[in-house]
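Heads up: the structure comes next, in structure tokens.
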Amino acid sequence: MSSSTFPKGFLWGGAIAANQAEGAYLEGGKGLTTVDLLPTGKKRWEVMLGSVDSFTPINGQMYPSHEAIDFYHRYKEDIALFAEMGYKALRVSISWARIFPNGDDEKPNEAGLQFYDDLFAELLKHEIEPVVTIAHFDVPVHLVETYGSWRNRRLVHFFEMYAKTIFKRYKNKVKYWMTFNEINMLLHLPFVGAGLVFKEGDNQEEIKYQAAHHQLVASALAVKACHEIISDAKIGCMLAAGSTYPYTCNPGDVLSGMEKDRESFFFIDVQSRGEYPGYAKRFFRDNQLTIEMAEGDEALLKNHTVDYIGFSYYASRVTSTDPEVLKNITGGNVFGSVENPFLEKSEWGWTIDPKGFRITANQLYDRYQKPLFVVENGLGAVDELTPDGEVNDDYRINYLKKHLVEMSESIKDGVEILGYTSWGPIDIVSASTGEMKKRYGYIYVDKDNEGNGTLKRYKKKSFHWYKKVIETNGENL
Ligand code: BGP
């Protein structure tokens, strides 16, 4: 019997985020978070870009994260389905505002702590490892309104307090942690990545990199605390990854591709190598950005680097120096990528590039020489539930199969990968659109964009396919 490429103990599973799955947005003592203020439609993008400094009144309006798919009440049923698929791991995030409703509370909210205690216990009952994201785009609104969110250094202290609280509470249950989800998203969607709301006259670039510095320091403090409190834990960073291809072999395009990748690598260079790279210092100089750093920050960053590199992969990117080429930027992506004429796209215009997955994994491993963890990958698509409750999502099986083949090629290349938690193992709210229509799951949830539906769960065709993949440890893809 041919042995599988995937190592024994490979962490097969799925990934969700509190704000996209839980619902119960004000239940159990939870405070409002930034994501609770995101409507659907055009306004969503304006808010995500940090360009809206007043929010439509929240009470009485139902926003996508308010109910989501009610995972808060249904997690036992959903975890039983994940266990039926044979999951070894489930990536979830803790909602900061369930633990500290205002973010700067003197004491944590016990009901919030208890909820995740029960959730992790349920996972462990099914022998599923919790893989926990400490911050997945949801900042307590009070921290935005009172301190200006991550532009304010006070956030470092509040985050450290939050991280230490959950490490102490869950140290016997959770051994895999990561700090900020897609930390590089801060540059592109500043409200989503860091709760930033810009005012008239703000130097937005400087505020974004100052907020980034605060998050990088907070991340290092969390790494330090995690190693002190949970000696056998692994704590990582998390990057929205995807290698950038030059549109032509014109050296200008190649240089542009390198610089585009460095926009994202900057965060991981600091979190994994422990210092600001020279190109970042040049960028600050060339753009007259003054980043305030406190005494001791450099030593902190140097001494508390991450154990692994977590990343999401959805697509590769393309850049060019030709203004004509730059005119056809693909829709729906924040990285300003131009169309790749060699590749297909999803219904939301996201490039589909399985080989890019192997390129990206090799590039990250070559750069950091630390274990990788694929904590997001998947296909958002419009699924059709037939009258007899079937969803024949061969297109999703096809997408995932091709990506898993390339991931196995990466492992054959010598890339060490801890696990693969595909994004949205169950249909949840889409981050960019706030809609249910963009479905990723192996499990269909009966809820539409308007919030109608029974919330009933249905196993899609891909449910049975992925179950087999896990059963055979990826042997017959
Ligand atoms: C990443 C986020 C996830 C998830 C994913 C898919 O940026 O980390 O939260 O949403 O994108 O994106 P979308 O839901 O917009 O299709």
remark   = Classified through the alpha carbon gyration tensor (a ≥ b ≥ c as square roots of its eigenvalues; rounded if a/c is under 1.5, else prolate when a/b is larger than b/c, else oblate), the stretch 197-353 comes out prolate
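Please give the contour-minus-distance gain from Ala83 to Leu255: 0.36 nm per residue of separation, less the Cα-Cα distance, rounded to one decimal in nm. List each step's numbers first, then the result.
Numbers: separation 172, 0.36 × 172 = 61.92 nm, distance 4.62 nm.
Net length gain for the segment: 57.3 nm.
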remark   = Under 14 Å by backbone N from the virtual spin label 7 Å along Cα-to-Cβ at Asp322, the residues of the stretch 244-261 are 246-254
task = Would you be so kind as to identify which of Gly434, Gly296, His227 lies farthest towards the positive end of the dipole of the chain, taking Lys and Arg as +1 and Asp and Glu as -1 on Cβ and the Cα centre as origin?
result = His227
note = Env charge @ Ala212, Cβ radius under 13 Å, K,R +1 / D,E -1, value -4
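Taking Cα atoms of the chain, Rg/Rh with Kirkwood Rh, to two decimals?
Values: Rg = 21.0 Å, Rh = 22.5 Å.
Result for the chain is an Rg/Rh of 0.93.
Can you give the charge dipole size of the chain about its Cα centre, rounded to the nearest 20 debye, using +1 on the beta carbon of Lys and Arg and -1 on the beta carbon of Asp and Glu? Provide the component values of the computation, followed by the final result.
Values: 54 positive and 66 negative charges, 164 e Å.
Here the chain has a charge dipole of around 780 debye.
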Residue-averaged 222 nm ellipticity for the chain, from DSSP H runs of 4+ at -39500 (n - 2.57), nearest 500 = -12000 deg cm²/dmol
ask   = Are there any helices in the chain, counted as whole DSSP H runs, that stretch 30 Å or more along their axis by Cα and score at least 1.6 on average by Kyte-Doolittle, and if so which?
value = none
query = Along the Cα-to-Cβ line of Glu27, 7 Å from the Cα, sits a label point; which residues in the stretch 93-109 have backbone N less than 15 Å from it?
reply = 95, 98
key: Whole-Å distance, taken between Cα centres, linking the stretch 402-445 and the stretch 139-153   = 31 Å
ask   = Given H placed 1.01 Å from N in the peptide plane, which residues other than close sequence neighbours of Asp393 have an amide H under 5 Å from its amide H?
value = Lys461, Ser462
query = When only Cα pairs under 8 Å and 6 or more residues apart are kept, what is the percent relative contact order across the stretch 201-282?
reply = 23 percent
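Tally Lys/Arg at +1 and Asp/Glu at -1 over every other residue whose Cβ is under 11 Å from the Cβ of Ser93; what's the total?
Numbers: positive: Arg91, Arg98; negative: Glu22, Asp138.
Value of the local net charge: 0.
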remark   = Of the residues Met161, Leu385, Ala212, the Cα lying farthest along the dipole of the chain towards its positive end, which is defined by charges on the beta carbon of Lys, Arg, Asp and Glu, belongs to Met161
request  = Please list, in chain and number order, the residues 5+ apart from Tyr420 or on another chain whose amide H is under 5 Å from its amide H, with Hs placed from the backbone.
outcome  = Leu11, Trp12, Gly13
key: Amide proton proximity set for Ile428, modelled H, under 5 Å, gap of 5+   = Tyr440, Gly441
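Let's test the formula: R0 of 56 Å, r as the Cβ-Cβ distance of Thr386 and Glu295. What FRET efficiency results, to the nearest 0.05?
On the way: r = 63 Å, r/R0 = 1.13.
According to the calculation, E is roughly 0.30.
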note = In terms of the charge dipole of the chain, which places +1 on Lys and Arg and -1 on Asp and Glu at the beta carbon, the residue among Tyr276, Ser256, Met48 farthest towards the positive end is Tyr276
inquiry  = At 0.36 nm per residue, and after removing the present C-alpha to C-alpha distance, how many nm does the segment from Gln369 to Asp70 gain when stretched out fully?
reply    = 103.7 nm
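Coordinate-derived values only; no laboratory data. This one's a predicted model, so the numbers in the text were calculated from it and none came from an experiment. Note: ideal-geometry Cβ built from the backbone for every residue, glycine included; neighbour counts use all protein chains shown.
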